[in-house]
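**Q** Structure below; questions to follow.
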Amino acid sequence: MAADLPPGWVREYEGRNGAEYFHEPRELALSILPRYDSPRGRASEMTASGYLVRVHRLFGDDYWTPLTLGRTETLAEAKDLALAYMQRLHREGGTRTEELAAIAGVAPYTDELLVRLVRTRSEFALRAVAHRVDDDVTVAYERDDADALSAGAARTRCRRLARALDADGTEPTTAVVATDDETLVYVAPGGDPAVGTLFAFDPDARLVLPDLLDDLETLLARREGVANAQRDGSGSERDDAR
């Protein structure tokens, strides 16, 4: 990584097997950790098979947990991802919400990242996550102590919230519905109500809107971009059926 870091960032360590950076006043840490295919042998004698970039809050609210920013094949790629986060956080400002927004803004999409970020933002009030493409609904996450959400139940909720959207093709479209039993959020990042993601929260969840919606739209747009690329690369059965 270049010698100069964005204002507020301090290089604690940088070596051939990883790195660690702090954001003053040293409450936030950014780590690059090597990963090895074999658990045997000394780390100094092995070649890393990949690198994990993680964001840690060292002090503060109990609900903060370490979040994986991304996994890369090379140390150089890990440093580039870490630097992108530092630069994004500097532009955003550096508050707790902005720390998470910076992750949403630069991290490669995974369901694991989506769930962990939303759980953290909602103070663990997230019950379930389900992805919808037309009538195909996949439950991506269910909290252990929550009532099970079947694909059929998720499909019903998705359709109900999709009907509440303004289906004029505007990107993105979002619906929020609160009842005595749960709070539901439905995000269709591409503007098509039939393609979106459902989030179910506890009824008393303390959701900071629209900040949370901004992060969801950013991440899910990236997910849809990856899905579209995969469909285009494989000849897209959906396109063939049109």
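**Q** Quickly run through region 181-209 and pick out the residues that are among the β-branched types (Val, Ile, Thr) and not in a loop (DSSP other than H, G, I, E, B).
**A** Thr183, Val185, Val187, Val195, Thr197
**Q** Condition test on Glu92, is it out of contact with any Ser or Thr (no Cβ under 9 Å at 6 or more places or on another chain), surrounded by fewer than 20 Cβ atoms within 10 Å (Cβ to Cβ), modelled with pLDDT under 95 and of a type in the set (Asp, Glu)?
**A** In short, yes.
**Q** While we're on this one: Select, from Ala153, Ala148, the only residue that is free of Cβ contacts under 8 Å to residues at least 12 places away in the same chain, open to solvent by 70 Å² or more (accessible area, probe 1.4 Å) and not basic (Lys, Arg).
**A** Details: Ala153 fails: open to solvent by 70 Å² or more (accessible area, probe 1.4 Å).
Exactly one residue qualifies, and that residue is Ala148.
**Q** Here's a follow-up. Take region 133-159 and flag every residue that is modelled with pLDDT of 90 or more and closer than 23 Å to Thr65 by Cβ.
**A** Passing the criteria: Val139, Ala140, Tyr141, Glu142, Arg143, Asp144.
**Q** Quick one: what pairs do we get from region 187-214, first residue without any contact (Cβ under 8 Å) to a residue 60 or more places away in the chain and among the small types (Gly, Ala, Ser), second open to solvent by less than 60 Å² (accessible area, probe 1.4 Å) and in a strand (DSSP E or B), C-beta under 7 Å, 6+ apart or different chains?
**A** The qualifying pairs are Ala188/Thr173; Ala188/Val195; Ala188/Gly196; Gly191/Thr173.
**Q** What are the residues in region 32-74 that are modelled with pLDDT of 70 or more, open to solvent by 40 Å² or more (accessible area, probe 1.4 Å) and small (Gly, Ala, Ser), if any?
**A** Passing the criteria: only Ser49.
The rows are residues; the columns are (1) assigned to a loop (DSSP other than H, G, I, E, B); (2) modelled with pLDDT of 95 or more; (3) of a type outside the set (D, E, K, R).
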| site | (1), (2), (3) |
| --- | --- |
| Ala82 | no, yes, yes |
| Leu100 | no, no, yes |
| Tyr109 | yes, no, yes |
| Arg116 | no, no, no |
| Arg119 | no, no, no |
| Arg127 | no, yes, no |
| His131 | no, yes, yes |
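**Q** Just to be sure, is Glu77 surrounded by fewer than 21 Cβ atoms within 10 Å (Cβ to Cβ) and at pLDDT 90 or above?
**A** yes
The values are calculated or read from the model by the stated rules, or taken from the named source; none is laboratory data. Being a predicted model, the structure only gives us computed values, none of them experimental. Because the Cβ atoms are built from the backbone with ideal geometry, glycine has one as well, and the counts that use them run over all protein chains shown. Just so you know, the surface numbers come from the protein's heavy atoms only, side chains and all, with ligands and any DNA or RNA stripped out. Shrake-Rupley method; radii C 1.70, N 1.55, O 1.52, S 1.80 Å.
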